[in-house]
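Visitor: Shown below is the structure under consideration.
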Amino acid sequence: MQPPPDARIWIDKQTPEPFHALGAVAVAVQHAAEAAGLDRDVMELVNVRVSQINGCPFCLNLHTRAAIAAGVTQQQLDVLPAWRRSDLFTPLQRAALVLAETTTTLPDEENLTREYALARQHMSDDQVSVVIWAATTIGAFNRVSIMSRHPVRVRKEN
């Protein structure tokens, strides 16, 4: 019996070797972030913001909880889509968010250059590199989850 035409293949299960390699990249990015002095809150803000832009419910569910555990406040998460109009984020967090959005949306060259320069005002070369890798990596995970239609399981609230 054939599956329905709209059934999704969980590509992480169907072809696990590339998915495991992507996981290894994520671990390497995490180690590089630590070495570059980027705290977990900054990295989780990047993960959440990129997942918001890409519309990945599975990754949003996972990384909003990780962000809270890393010290990001609920208020910061609530206003994250409008972070540019808020004073709730540090200069380093703002620089990381600029790079994350720019990496995810790839605007025209003039805007890319302006945003990149803005981020460089508050970040070292290592930090810039790590945030670009982080945004690229979570973007790949977003695509795996969206294309596989990974479900978000309902949590029981206390």
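Visitor: Of everything in segment 129-157 that's in a loop (DSSP other than H, G, I, E, B) and hydrophobic (A, V, I, L, M, F, W, C), which residue is modelled with the highest pLDDT? It would help to see each step written out before you state the result.
Guide: Within segment 129-157, the subset in a loop (DSSP other than H, G, I, E, B) is 149-157.
So of that shortlist, the ones also hydrophobic (A, V, I, L, M, F, W, C) come out as 152, 154.
Numbers: Val152: 93, Val154: 87.
If we take residues in segment 129-157 being in a loop (DSSP other than H, G, I, E, B) and hydrophobic (A, V, I, L, M, F, W, C), then Val152 is modelled with the highest pLDDT.
Visitor: Gln2 passes all but one of (1) without any contact (Cβ under 8 Å) to a residue 12 or more places away in the chain; (2) surrounded by 14 or more Cβ atoms within 10 Å (Cβ to Cβ); (3) outside any helix (DSSP H, G or I); which number fails?
Guide: (2)
Visitor: Consider segment 28-59. How many of its residues are hydrophobic (A, V, I, L, M, F, W, C), open to solvent by 30 Å² or more (accessible area, probe 1.4 Å) and under 10 Å from the mean Cα position of the chain (by Cα)? Break it down stepwise before answering.
Guide: At the first step, the residues of segment 28-59 found to be hydrophobic (A, V, I, L, M, F, W, C) are 28-29, 32-33, 35-36, 38, 42-43, 45-46, 48, 50, 53, 56, 58-59.
Narrowing the set further to residues that are open to solvent by 30 Å² or more (accessible area, probe 1.4 Å) leaves 28, 32, 35, 53, 58.
When the remaining residues are screened for being under 10 Å from the mean Cα position of the chain (by Cα), the result is 53.
Residues that pass the stated criteria total 1.
Visitor: With farther than 14 Å from Ile132 by Cβ and surrounded by 15 or more Cβ atoms within 10 Å (Cβ to Cβ) as the only criterion, which of Leu62, Leu99 stands out?
Guide: Leu62 is the lone residue from the list that is farther than 14 Å from Ile132 by Cβ and surrounded by 15 or more Cβ atoms within 10 Å (Cβ to Cβ).
Visitor: Would you pick out the residues in segment 111-125 that are among the aliphatic types (A, V, I, L, M) and closer than 19 Å to Ala33 by Cα?
Guide: Narrowing segment 111-125 to residues among the aliphatic types (A, V, I, L, M): 112, 117-119, 123.
Ala119, Met123 - these are the residues of segment 111-125 that are among the aliphatic types (A, V, I, L, M) and closer than 19 Å to Ala33 by Cα.
Visitor: Say whether the condition of being in contact with a Lys or Arg (Cβ under 9 Å, 6 or more places away or on another chain), at pLDDT 95 or above, assigned to a helix (DSSP H, G or I) and open to solvent by 80 Å² or more (accessible area, probe 1.4 Å) is met by at least one residue in segment 6-27.
Guide: Checking segment 6-27: not a single residue is in contact with a Lys or Arg (Cβ under 9 Å, 6 or more places away or on another chain), at pLDDT 95 or above, assigned to a helix (DSSP H, G or I) and open to solvent by 80 Å² or more (accessible area, probe 1.4 Å).
The values are calculated or read from the model by the stated rules, or taken from the named source; none is laboratory data. Here the structure is a predicted model, which means the values were calculated and not measured. Here Cβ is always computed from backbone atoms with ideal geometry, including for glycine, and neighbour counts include all displayed protein chains. The area values use the complete protein model at the heavy-atom level, side chains included, leaving out ligands, DNA and RNA. Shrake-Rupley method; radii C 1.70, N 1.55, O 1.52, S 1.80 Å.
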